[in-house]
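Participant: This structure is in structure tokens; I'll ask about it shortly.
Taken together, the values in this text are just the output of simple stated rules run on the coordinates, not laboratory data. The structure displayed is predicted, hence computed values, not measured ones. Virtual Cβ from ideal backbone geometry, glycine too; neighbours counted across all protein chains shown.
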Amino acid sequence: MILAGCSKKPLRPDPSATVLGPQGGGLNPQDVQTADANSGLEQRGAFDANGQLRGALESVYFDFDRSNIKKGEQAKLQAAKEYLEKNAGTRILLEGHCDWRGTDEYNLALGDRRANEAKKYLVSLGVSADKVETLSKGSEEAKKNADAATMTKDRRADVVVLKQ
């Protein structure tokens, strides 16, 4: 008999380790004023139900079945570098995502490559590797049987701001 194991589901950080902390969701403008007032980052920020600051930094998008950082996406990682420089008490988590096509195992590996390529690019810009964590979500959050426009949005690395 052949036993097949299921892939281990990736874990998000504990909310107490995120910028908002354990009290949970809802945008509290006082909590996002750490970004430079002229950067516009705090206006785009929103906390998810797990207390992670999302949207303060833009997601990096990838082509189908690719993990290389496109020239048009490099400015988003430059903005992440600048955010880290201005907010010394933060780190970031890069979550690699895929569209629904492919096996769970393949998509977890591709999501990992995407997150690690984004990290490698940040390190090449001078960001300390210990300020950046990676996590593959694979196709876990992808919409199944989605149209092309939705799949394009599923192929990304999200930037999540964490507490130090």
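Participant: What is the sum of charges, Lys and Arg at +1 and Asp and Glu at -1, for the other residues whose Cβ falls under 13 Å from the Cβ of Phe64?
Facilitator: +3
Participant: Evaluate the distance, in nm, between pseudo-label points positioned 7 Å from the Cα of Lys143 and of Lys163 along their respective Cα→Cβ axes.
Facilitator: The two pseudo-label positions are separated by 3.5 nm.
Participant: May I ask you to list the lysines whose Cα is less than 23 Å away from that of Lys119, ignoring any residue fewer than eight positions away on the same chain?
Facilitator: Answer for Lys119, where 23 Å is the Cα cut-off: Lys8, Lys9, Lys70, Lys71, Lys76, Lys81, Lys86, Lys131, Lys137, Lys153, Lys163, listed by chain and number.
Participant: So for each of 120-127, 66-73, 146-153 I average, over its residues, the number of other beta carbons within 10 Å; can you give me the resulting order with the highest mean first?
Facilitator: Averaged packing, sorted descending, gives the order 120-127, 66-73, 146-153.
Participant: Sticking with this one: Could you compute how fast the range 70-164 diffuses translationally, taking Rh as the Kirkwood radius over C-alpha pairs and applying Stokes-Einstein at 37 °C with viscosity 0.692 mPa s? Give it in µm² per second.
Facilitator: 241 µm²/s
Participant: Also, quick follow-up: If I model a spin label as a point 7 Å beyond the Cα along the Cα-Cβ vector, how far apart are those points for Leu125 and Lys86 in nm?
Facilitator: It works out to 1.3 nm between the two label points.
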